[in-house]
């Protein structure tokens, strides 16, 4: 006949075999993976400026022609200093490290993709002079911008948007493609309050972008509304 264990030993075995509650589980136990906080990913690869009062129209045009989420930055007329605007873009965690920046009053006239927007361009005026401080899409990188802002010679007495963006392009971009109002099918520029309607209509029909200063954009708003209604 098998010898029975003492009662106290049996109690000890039963207690040790049972699942014991964890002490301080609220403080020490790891959260389930599904409950761990997940850092949000940047949302925007395209940043477009718009003079106050034109934000809705600019946003509608970009959303119609581009599938990317568009961050619209309202600015006052005259506050077109790209350097000041870009400092806020760099600090915005919703904007990707690599992004496209567009100054105020530029809209796409046809469907555009990130590939289209990411091509570096330089604008040529009627005399053939290059301009890097234009209103056309500019592919930029936050880290490279920080380096540019942190350069020993920035800012200096002669620093302008043109000098800053030219220096950035010459340092960080491959040879930009030359574009102009006067040749090709890239952009139509409107700088007057009484533009030629035929030129504007032709630009909307055949060119990739329509770009204007504040006065010119007010004049072409009816054309933009027509473009959006199609």
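The values are calculated or read from the model by the stated rules, or taken from the named source; none is laboratory data. In this text the structure is predicted, and so the values were computed from the model without any measurement. As a convention, Cβ positions derive from the backbone with ideal geometry for all residues, glycine included, and neighbour counts pool all protein chains shown.
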Exception for residue 115 within (1) touching a strand residue (DSSP E or B) at 6+ places or on another chain (Cβ under 8 Å); (2) surrounded by fewer than 18 Cβ atoms within 10 Å (Cβ to Cβ); (3) more than 23 Å from residue 163 (Cβ to Cβ) falls at (1)
Inset, instruction - Within the stretch 80-96, identify whether any single residue is touching a helix residue (DSSP H, G or I) at 6+ places or on another chain (Cβ under 7 Å) and part of a strand (DSSP E or B), and answer yes or no. - result: yes
Counted residues in the stretch 125-175 being more than 21 Å from residue 47 (Cβ to Cβ), modelled with pLDDT of 95 or more and not in a loop (DSSP other than H, G, I, E, B) come to 1
### Query
residue 193: in a loop (DSSP other than H, G, I, E, B), under 17 Å from residue 122 (Cβ atoms) and free of Cβ contacts under 8 Å to residues at least 40 places away in the same chain, yes or no?
no
Of the listed residues (94, 116, 79), the one being at pLDDT 95 or above and over 13 Å from the mean Cα position of the chain (by Cα) is 116
